[in-house]
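Working notes, structure below.
Where a number appears in this text, it was derived from the coordinates with a stated rule and is not lab data. Values in this document were obtained by computation on a predicted structure and should not be read as measured data. All Cβ positions, glycine included, derive from the backbone under ideal geometry; neighbour counts span all protein chains shown.
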Amino acid sequence: MPSWWVWLYYLTPTSWSLNAIFTSQYGDIDKEIHAFGETTTVSVFLENYFGYHHTSLGSVGIVLIIFPVVLALLFAYFIGKLNFQRS
């Protein structure tokens, strides 16, 4: 991913959802796997390849709760302030 698109990655709820799913399901598995010519554990692979840390699962959950709340508040504010029937 180009470095100037990192802000978009953090604004996309899908990236946070994938982080939560992979981290909660595979982040604490210490089984060894063979990936890209190396032998590593599943949890270390997630940390090194994707940057998903099992310790950040709480903050990822909070971000996933905040997204719909912020969108609902923005919707409620702008639906009250914007009037498209003005002449």
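Against the chain, whose longest principal axis comes from its Cα atoms, helix 13-26 is set at around 30 degrees.
Work out, step by step, the length gained on full extension between Leu57 and Val44: first 0.36 nm times the residue separation, then minus their alpha carbon distance; give nm to one decimal.
Here the segment from Leu57 to Val44 would lengthen by 3.2 nm.
Computed across the chain, the Kirkwood radius stands at 15.6 Å (inverse of mean 1/r, all Cα pairs). Under the criterion of Cα pairs below 8 Å and six or more residues apart, the relative contact order for the stretch 3-81 equals 27 percent. Charged neighbours of Ser43, selected by a Cβ distance under 13 Å, balance to -3 (K, R count +1; D, E count -1). Helix-only arithmetic for the chain: the sum of -39500 (n - 2.57) across DSSP H runs with n ≥ 4, divided by the residue total, places the mean residue ellipticity at 222 nm at -17500 deg cm²/dmol.
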